[in-house]
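For reference, the structure discussed in these notes is given below.
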Amino acid sequence: MSKRRKRKPKHFRGVYALLVFPFAEDFHLLLDLMRRFSAAVRYAYNRLLEGKGREELKRQDGLLCTFFRLNTRYAD
């Protein structure tokens with residue numbers, strides 16, 4: 001007869017935040033950045049599946065930086 005051990009439930013700690021924008025323009029700039037970043041992630045994923053190199057995608061003059069107007073940190 002084997003004894004079963006009770007597993008402790010895993011705790012989840014999340015962070016919730018409410019962003020407050022003093023100017024509507026800031027809100028629209030953030031939405032634009034999120035839209036471009038999401039599109040760049042989809043584009044980069046498809047290019048990686050096609051066999052392109054990661055270093056080639058994140059270059060300063062690469063498509064992620066020029067077409068999506070992202071800096072190299074976001075492109076990485």
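Among the protein heavy atoms of segment 25-74, carbon and sulfur supply 57% of the accessible surface, probe 1.4 Å, non-protein parts ignored. The phi-based Karplus calculation (6.51 cos²θ - 1.76 cosθ + 1.60; θ = phi - 60°) puts the 3J(HN,Hα) values of segment 38-52 at 5, 5, 5, 5, 4, 4, 5, 4, 5, 5, 5, 5, 7, x, 5 Hz, whole numbers, x for Gly and Pro. Here K52 is the anchor, and the aspartates and glutamates within straight C-alpha reach of less than 16 Å, apart from those fewer than 8 places off in the same chain, are D61, D76. For the chain, the alpha carbon convex hull comes to 179 Å³ per residue, rounded to a whole number. What you get for segment 35-76, charging only the Cβ of Lys and Arg (+1) and of Asp and Glu (-1), is a dipole of about 220 debye around the Cα centre. Accessible surface for the chain, divided over its residues, is 101 Å² per residue with a 1.4 Å probe.
The values are calculated or read from the model by the stated rules, or taken from the named source; none is laboratory data. Here the structure is a predicted model, which means the values were calculated and not measured. FYI the Cβ positions are ideal-geometry reconstructions off the backbone, even for glycines, and counts take in every protein chain you see. Keep in mind that these areas ignore ligands, DNA and RNA; they rest on the heavy atoms of the full protein, side chains included. Shrake-Rupley method; radii C 1.70, N 1.55, O 1.52, S 1.80 Å.
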